[in-house]
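Colleague: This is the structure, below, for whatever I ask next.
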Amino acid sequence: MNELNKLSARDAVRKLRSGEVSPLEMIDAAAARIEEVEPAVNALPTLCLDRARDKAKALMADKTSDRDANFLGGLPIAVKDLNNVEGVRTTFGSPIFSDNVPGFSDYMVQQLEKNGAIVVAKANTPEFGAGANTFNEVFGRTCSPWGLKKNPGGSSGGSAVALASGEVWLATGSDLGGSLRIPASYCSIVGLRPTPGRVASGPSPLPFAAMGVEGPMARNVGDVALMLDAQSGPNIGDPISIPAAVPGSYLQAVDNPAMPKRIGYSRDFGIVPVDDETATICADSMRHFSDMGVAVDDACPDLGTSFETFEVLRAALFSAGKEPMLKQYRDQLKPEVIWNIERGLELKAADIGKAERERAAMYASATAFFETHDFFASPCVVTAPFDGEIRYLEEINGHKFGNYIDWLVMTFAVTLLGCPAISVPCGFTSEGLPVGLQIVGPPHSEARLLAASKLFEDAAGLSKLVPMDPKQTASPVQTG
């Protein structure tokens, strides 16, 4: 890769704004790197380089001098293949939509393009984002750059791999049960799940649904803050969308971080076995906070009913949004999606009512917890990346998971709280596979969460390991 590929997004934007490099040069750098690594990783199966160059030329011809502070200057980005980009093939990872070319862009894409982002590619995702391993019947399997036979995580796996491999500088992700945070953990990048509504979503057939969110992915915390500044803001088409951070920006929060006072840490939320090596790496990484003078104690909110609560609410969401699709295209849907829709159709009102009450109790526990703690942290995933040919994890340490999503409990338990959460690289296994630390903040605390994560990132010193050339097999990592 050349020197442009290695730039942070912040540095690239500075060069774009100053005129030191042009959007066309950045697109060429992205295209060359994509051509180099795509045969190995299959992260960005759909390119739109002609469209990107047309957008770049229009941007360069626009001599507007009073650009917004969030202006990205023509920075190339990748957009997850669950989001419509006008005139670009958008499949949702499903054979049903294999030839779909939308005539409009999603609100988030509109916001990013308005703020000077240029879409160069669509990032691979499992069918309808269902599952934390990125494969589908349209484009096949995406491979981890840390070991091509390993699972890169999902459902924003294409975005995470593209970032880690140096194909783009920023990428979009979405997160219902952990789809931003898990691939960030598995690819040693940073992924932020914002407060619902922080990034406008849609158009959607379920515009009031608030568990799934759109969010930023990047190679480091500062770049995530840069992208969130460009992504966030209300849209009249999204009834739950909310304003961006005020006062100031997320970047300002990252550049002037306030030191937290107390952080809780939990190995497993008391609800699931976690691989010993993963748990040890995450627990040891909390010393970075302790060394800064932050009090760290063994504590977290009560998340004890997360399994049953999330399963019911997710199933209700799937059936509400996809029952017509099941009736018309059942033979083209993967088994996990069929199961999730049918599970929702089996629910009774009493099941959903109980789940909502349990969720409310967990939220009350979390708000009480945040009266005495700034954040809480945990392993992001119960184990390090595993064989990419395995569809989903069925068992860990003798504990059998009941379905294809149960192994994601460390992230979906947090989804239920509606709190912002981030995955930040915290170490590597003896085999050389990445491990991410999940840090969770109070509702609407993205600025504080990003600031604390930047302090952690600086202390851990792992952000410079990406972008990287893909490895055929995992190998021990030199972090000194």
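Colleague: Yes or no: the stretch 389-403 includes at least one residue that is in a strand (DSSP E or B) and among the hydroxyl-bearing types (Ser, Thr, Tyr).
Modeller: Looking through the stretch 389-403, none of the residues is in a strand (DSSP E or B) and among the hydroxyl-bearing types (Ser, Thr, Tyr).
Colleague: Next question. From Pro239, Pro243, which residue is out of contact with any helix residue (DSSP H, G or I) (no Cβ under 8 Å at 6 or more places or on another chain), more than 19 Å from Ala452 (Cβ to Cβ) and modelled with pLDDT of 95 or more?
Modeller: Testing whether each residue is out of contact with any helix residue (DSSP H, G or I) (no Cβ under 8 Å at 6 or more places or on another chain), more than 19 Å from Ala452 (Cβ to Cβ) and modelled with pLDDT of 95 or more leaves just Pro239.
Colleague: If you don't mind, another one. Please enumerate the residues belonging to the stretch 105-125 that are free of Cβ contacts under 8 Å to residues at least 40 places away in the same chain and not in a helix (DSSP H, G or I).
Modeller: Of everything in the stretch 105-125, just one residue is free of Cβ contacts under 8 Å to residues at least 40 places away in the same chain and not in a helix (DSSP H, G or I), namely Ser105.
Colleague: On the given criteria, is Lys6 touching a Pro at 6+ places or on another chain (Cβ under 8 Å), among the basic types (Lys, Arg) and closer than 30 Å to Tyr250 by Cα?
Modeller: yes
Colleague: Right, next: Could you check how many residues of the stretch 308-339 are among the hydrophobic types (A, V, I, L, M, F, W, C) and not in a helix (DSSP H, G or I)?
Modeller: Residues flagged as among the hydrophobic types (A, V, I, L, M, F, W, C) and not in a helix (DSSP H, G or I) within the stretch 308-339 amount to 1.
Colleague: Among the residues of the stretch 83-140, which ones are under 28 Å from Ala12 (Cβ atoms) and of a type in the set (A, V, I, L, M)?
Modeller: Val85, Val88, Met108, Val109, Leu112, Ala117, Ile118, Val119, Val120, Ala121, Ala123
Colleague: Ok, one more. Enumerate the strands (runs of 3 or more DSSP E) found wholly within the stretch 154-267, keeping only those where 1 or more residues are surrounded by 24 or more Cβ atoms within 10 Å (Cβ to Cβ).
Modeller: Because the criterion is at least 1 residues that are surrounded by 24 or more Cβ atoms within 10 Å (Cβ to Cβ), the strands (runs of 3 or more DSSP E) in the stretch 154-267 that meet it are 170-175, 190-193, 213-218.
Colleague: If you take the residues in the stretch 248-287 that are farther than 22 Å from Phe370 by Cα and hydroxyl-bearing (Ser, Thr, Tyr), which one is farthest from the chain's Cα centre (by Cα)?
Modeller: For the stretch 248-287, the residue satisfying everything is Thr280.
Colleague: Here's something else I'd like to know. Being crowded, with 18+ Cβ neighbours inside 10 Å and part of a loop (DSSP other than H, G, I, E, B) is the filter here; which residues of the stretch 287-307 pass it?
Modeller: If the condition is that a residue be crowded, with 18+ Cβ neighbours inside 10 Å and part of a loop (DSSP other than H, G, I, E, B), then Val294, Cys300, Pro301, Leu303, Thr305 are the ones that fit.
Colleague: If the Cβ limit is 8 Å and pairs must be 6+ apart or interchain, which residue in the stretch 158-184 that is on the phi > 0 side of the Ramachandran plot pairs with which residue that is part of a loop (DSSP other than H, G, I, E, B) and of a type outside the set (Val, Ile, Thr)?
Modeller: Hits for this filter: Gly166/Met1; Gly166/Pro467; Gly166/Met468; Gly178/Ala132; Gly178/Cys380.
Colleague: Touching a strand residue (DSSP E or B) at 6+ places or on another chain (Cβ under 8 Å), surrounded by 14 or more Cβ atoms within 10 Å (Cβ to Cβ) and not acidic (Asp, Glu) - does that describe any residue in the stretch 59-67?
Modeller: Within the stretch 59-67, one or more residues are touching a strand residue (DSSP E or B) at 6+ places or on another chain (Cβ under 8 Å), surrounded by 14 or more Cβ atoms within 10 Å (Cβ to Cβ) and not acidic (Asp, Glu).
Colleague: Do we find that Ser453 is assigned to a loop (DSSP other than H, G, I, E, B), in contact (Cβ under 8 Å) with a residue 40 or more places away in the chain and either closer than 22 Å to Asn133 by Cβ or not aliphatic (A, V, I, L, M) (or both) in this structure?
Modeller: no
The values are calculated or read from the model by the stated rules, or taken from the named source; none is laboratory data. Only a predicted model underlies this, so the values are computations on that prediction, with no experimental measurement involved. No Cβ is skipped: glycine too gets one built from the backbone with ideal geometry, and neighbour counts run over all protein chains shown.
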